[in-house]
Amino acid sequence: MTFGCAAVRELAPDLALGVVGGAERAELLLHVNACPHCQSLVAELSETADLLMLLAPEAEPSPGFTRRVLAEMGVGRRRLPWRSIAAAVAAAAAASILSIAVVRIVDEGVPAKTSVASAPRFDSAAMVGSGDRNAGTVFVSHSNPASINVSVDYAVPDGTYEVHLVQGSTSRVLGSMTVSENHGVWSGTIPGNRLAAAHVALVDANGTRVCEGVLKS
Amino acid sequence: MWAVSDDALLAGLATGDSDAAAAFVSRFQRRVYGLARTITGDDRLAEDVAQEALLRAWRHAAAFDPRRGSVTTWLLTITRNLAIDAMRVRRPVSWDPGALAALDLVSADRGPDVEVILEDDAIRLRAALGQLPEEQRRAVVLAGLCGFSGREVSEVERIPLGTAKTRIRSGLLRLRAVLAVEERAEDS
């Protein structure tokens, strides 16, 4: 069976709510993907349908939940750095409380508690392209080795780009990123703390920086 | 709170960074667990669902596409689908009809002459739901939040299948129309 616009209009709410499945859904999507008008209708209804999930109230899982999840991720074997964070807080509190960030984490055997960090252990910045267009995000974790993740989702033509770390007049190639359908991701690490006042840039085959993000710390 | 956006935190999760993982779980676990518990009505099952949802987000963080929606929507959609799969064999027999009432669907209802600033999406949604006929409101929430099929809605509501489908479709279309009017009113 092949669906046309009239049928899709009637069944668009079902598609958006996910209550139509199997072959019928596949047939509907065949039409939707080829028809901008129906695509727009389904997208609008999907946005509305997604809002319904916000009706569910937040709830606190049982003690130990956080640790179980992190253990599955391979994080639980390492003690979360409460003591070092607390020490940093004490030092920072004496100097300034302006940049305090509060992190609330529930840990096993310990009731919900609030820890305070003097500064975020992460840094992120927008990847900005020509015309100040936002192209994506660069994220760094100031651990050793430092983790870097660069993702672009807009405004970067498909192709392969070098990921550069620029500090002062020095530019170093970290790796390469392939952008497909405007979407590309690159992740890697850098030994030591070498990210102070750095730029992360995507550079095309002509040596042009197509976008870059400025890391503040 | 961490001074990092949801998108950036998810990007950090994609790198395998352990601090990013801890911050991500801390930020989202209550919302994820709350949705799973609302759908399943079972604390233990909800924790299993919430755990799996967070793990899937961790495994597939690099594939997240912000053009298709927010991190919250992406994560809640994963949660909802897992919860629905987990409940597939139980419903609708075990569905508690009082569960919808507990959601307080129209708590932000407002009269036409009352000016209220609706900043939060959930408040805006509740206000809009308050303008739907009750039978449409119930049908669209059962389908959209709890993942009920038309047949399941017809069984729970004890109405013919055709009526259930009509209520679901009309409810969502009307909800969208009400929200669009709200948005235009806020913009002007």
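The values are calculated or read from the model by the stated rules, or taken from the named source; none is laboratory data. Since the structure is predicted, the reported quantities are computational estimates derived from the model, not experimental observations. We place every Cβ from the backbone using ideal geometry, glycine too, and count neighbours over all the protein chains shown. All accessible areas refer to the heavy atoms of the entire protein, side chains included, with ligands and DNA or RNA removed. Shrake-Rupley method; radii C 1.70, N 1.55, O 1.52, S 1.80 Å.
Details
- Positions within region A:20-55 being under 29 Å from B:Leu45 (Cα atoms) and at pLDDT 90 or above, in sequence order: A:Ser46, A:Glu47, A:Thr48, A:Ala49, A:Asp50, A:Leu51, A:Leu52, A:Met53
- Residue list for region B:30-56, filter: closer than 30 Å to A:Ile190 by Cα and within 9 Å of chain A (Cβ to nearest Cβ): B:Leu54, B:Leu55
- Every residue from region A:145-160 that is touching a Pro at 6+ places or on another chain (Cβ under 7 Å) and either surrounded by fewer than 17 Cβ atoms within 10 Å (Cβ to Cβ) or over 7 Å from A:Asn182 (Cα atoms) (or both): A:Pro145
- Listed by position, the helices (runs of 4 or more DSSP H) inside region A:1-82 whose residues that are in contact (Cβ under 8 Å) with a residue 24 or more places away in the chain and open to solvent by less than 50 Å² (accessible area, probe 1.4 Å) number at least 3 are A:5-17, A:22-34, A:36-51.
- Of the residues making up region A:156-199, those that are hydrophobic (A, V, I, L, M, F, W, C), at pLDDT below 80 and over 18 Å from B:Gly16 (Cα atoms) are A:Leu195, A:Ala196, A:Ala197.
- Residue within region A:33-48 that is within 20 Å of B:Ala36 (Cα to Cα) and at the interface with another protein chain (Cβ under 7 Å from one of its Cβ atoms) present: yes
- Which listed residue is among the β-branched types (Val, Ile, Thr), out of contact with any helix residue (DSSP H, G or I) (no Cβ under 7 Å at 6 or more places or on another chain) and open to solvent by less than 10 Å² (accessible area, probe 1.4 Å), from A:Val163, A:Val173: A:Val163
- Output for region B:121-148, where each listed residue is charged (D, E, K, R) and more than 9 Å from chain A (Cβ to nearest Cβ): B:Glu134, B:Glu135, B:Arg137, B:Arg138
- Tabulated pairs, region A:204-217, first without any contact (Cβ under 8 Å) to a residue 60 or more places away in the chain, second assigned to a loop (DSSP other than H, G, I, E, B) and open to solvent by 70 Å² or more (accessible area, probe 1.4 Å), C-beta under 9 angstrom, 6+ apart or interchain: A:Asp204/A:Pro157
- A:Gly188 vs. criteria surrounded by fewer than 22 Cβ atoms within 10 Å (Cβ to Cβ) and either in a loop (DSSP other than H, G, I, E, B) or not aliphatic (A, V, I, L, M) (or both): yes
- Those residues of region B:57-77 which are under 22 Å from B:Gly16 (Cβ atoms) and either among the hydrophobic types (A, V, I, L, M, F, W, C) or facing another protein chain (nearest Cβ under 8 Å) (or both), in sequence order: B:Ala57, B:Trp58, B:Ala61, B:Ala62, B:Ala63, B:Phe64, B:Asp65, B:Pro66, B:Val71, B:Trp74, B:Leu75
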